[in-house]
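Below is one structure; the comments refer to it alone.
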Amino acid sequence: IYDSKTKIFTLHRVEYNIEQVQEKMKVAGLPQPLIDRLHFGR
């Protein structure tokens, strides 16, 4: 999130269902290495 007044970026991590997202990525035709990266958090 970028605060334009302070000119500071703040990163926030959120939990999500990785397997569900990976399945949607497969259906969308994204490359397998990109899909696999989610498992490792990269």
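With respect to (1) surrounded by 11 or more Cβ atoms within 10 Å (Cβ to Cβ); (2) within 12 Å of the chain's Cα centre (by Cα), the lone exception for residue 17 is condition (1).
When segment 20-38 is filtered for residues that are within 13 Å of the chain's Cα centre (by Cα) and surrounded by fewer than 10 Cβ atoms within 10 Å (Cβ to Cβ), only 20 remains.
A short reminder: the numbers here are calculations on the coordinates, not readings from a lab. This one's a predicted model, so the numbers in the text were calculated from it and none came from an experiment. Here Cβ is always computed from backbone atoms with ideal geometry, including for glycine, and neighbour counts include all displayed protein chains.
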